[in-house]
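Have a look at the structure below, then the notes.
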Amino acid sequence: MDKAGRIKEFLDYGGNELFSTLMCSGIRRSEGEDRLCVLLDKYSDVCRFKKGRSCAYRYMLSIARRSGWLKRGAYDLKSYRLTREERARVEEKVCAYIKSGGALFKYMKCTAAAAIAAGLIILAGVLTYKRLKSEEYKKQFYSYYSEQVIVNYKGKNGGRLEFEIYLTENAPLFMHLSGMPTLYYGSSDAVELKILPEHDILSPEDDRADYTETPEVLALDEQAYHTVFFAGEYRAEFEFYCQTEDGNDIHLPVKTVHFTV
């Protein structure tokens, strides 16, 4: 049986149970789906050495545990079932990963890239090192990541201003919104509207905090801002950040969206 066949076989055997285990920490379904794809990608790299579906299940659980995705434990392995659409997306993404060559191809690509990078560093010497450490380079790096966050104003719905937020495929796996945006009304006296702390994003567990490639709607409510969104020109400023592999936060430049109500 080929790798794609083994993935489909495992999803038939334990896909819903593994998905339920990943969802037990209170994450959104889209994040659980992404994590399931990561585990299945890793399993596809070694599936020829894992005999039996039970062994495959234990292998992926061990990866999830090392990744810190099982901190709260699994209480009901049947609480979440993959919908037909979710399973189709999972199979499509994992099969695309398999067709791309999997971890071996990534390793060869990274090795080649590392060799090229090492040669460039040696060739450039001290000048390259200074540039990598400069504030200008950091600014360019952070600006590039900021450009991978797409924020579109979708319109006013009742007393709510709605924005669609998603990431490009070049962005890190997750981007986080550090707080609700600051809103400015473009009147002559430049009224500044700020959300109150009780309505703000206070922790990473807030559903409005995390964003992926899946578009999500963020709504600004008139009651939260204690105002009425009159017709006119507005500016909204969003502050996003991402995390490095060692857990450090990278705060991106403020993202400004101009729109008309």
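Among Lys156/Lys255; Lys50/Lys78; Lys51/Lys99; Lys50/Lys99; Lys42/Lys78; Lys78/Lys255, which pairs are too far apart, with a Cα-Cα distance over 30 Å?
Pairs exceeding the cut-off: Lys78/Lys255.
Would you kindly state how much longer the chain becomes between Arg66 and Leu173 on full extension, computed as 0.36 nm times their sequence separation minus their alpha carbon distance, in nm to one decimal?
Between Arg66 and Leu173, full extension yields an extra 36.8 nm.
In nm², what is the average projected area of the convex hull enclosing the Cα atoms of the stretch 145-261?
Averaged projected area of the stretch 145-261's Cα convex hull equals 7.4 nm².
Around Asp210, which amide H atoms from residues at least 5 apart in sequence, or from another chain, sit under 5 Å from its own amide H, with H modelled in the peptide plane?
Those lying under 5 Å, H to H, from Asp210 are Leu177.
Starting from the amide H of Tyr80, placed 1.01 Å from N in the peptide plane, find each other amide H under 5 Å away whose residue is 5 or more places distant or on another chain.
For Tyr80, whose amide H was placed from the backbone, the distant partners under 5 Å are Ser20.
Which of the peptides 148-157, 27-36, 170-179 is most tightly packed, and how do the rest follow, going by the mean number of other Cβ atoms within 10 Å of each residue? Walk me through the numbers before you get to the answer.
Values: 148-157: 14.9, 27-36: 19.3, 170-179: 16.9.
Answer by packing, highest mean first, reads 27-36, 170-179, 148-157.
Counting only protein chains, not ligands or nucleic acids, how are Lys255, Lys78, Lys99 ordered by accessible area (probe 1.4 Å), most first? Mind dumping the intermediate values first?
On the way: Lys255 40, Lys78 135, Lys99 180 Å².
Sorted descending by solvent-accessible area, the residues read Lys99, Lys78, Lys255.
For the stretch 1-102, with all protein chains present and a 1.4 Å probe, just round the carbon and sulfur fraction of the accessible area to a whole percent.
Using a 1.4 Å probe with all protein chains present, the stretch 1-102 comes out at 49 percent carbon and sulfur.
What are the ³J(HN,Hα) values, in whole Hz, obtained from phi via the Karplus relation 6.51 cos²θ - 1.76 cosθ + 1.60 with θ = phi - 60°, for each residue of the stretch 14-23 in sequence order, with x given for Gly and Pro?
Residue by residue, the stretch 14-23 yields x, x, 5, 5, 5, 4, 4, 5, 5, 7 Hz.
Take the Cβ-Cβ distance between Cys55 and Glu9 as r, set R0 to 22 Å, and report the resulting FRET efficiency rounded to the nearest 0.05.
0.95
Write down the radius of gyration of the stretch 1-97 and its Dmax, each obtained from C-alpha positions, in Å.
When restricted to Cα atoms, the stretch 1-97 yields Rg and Dmax of 12.2, 35 Å.
Tyr144 to Glu233: extension gain in nm, 0.36 nm per residue of separation minus the Cα-Cα distance?
Working it through step by step, the gained length comes to 29.3 nm.
Keeping all protein chains in position, work out how much accessible area Cys47 exposes to a 1.4 Å probe, and write it in Å² to the nearest 10.
It works out to around 0 Å².
The values are calculated or read from the model by the stated rules, or taken from the named source; none is laboratory data. All values reported here derive from a predicted model rather than from experimental measurement. Positions of Cβ are backbone-derived with ideal geometry, glycine not excepted, and every protein chain shown enters the neighbour counts. The area values use the complete protein model at the heavy-atom level, side chains included, leaving out ligands, DNA and RNA. Shrake-Rupley method; radii C 1.70, N 1.55, O 1.52, S 1.80 Å.
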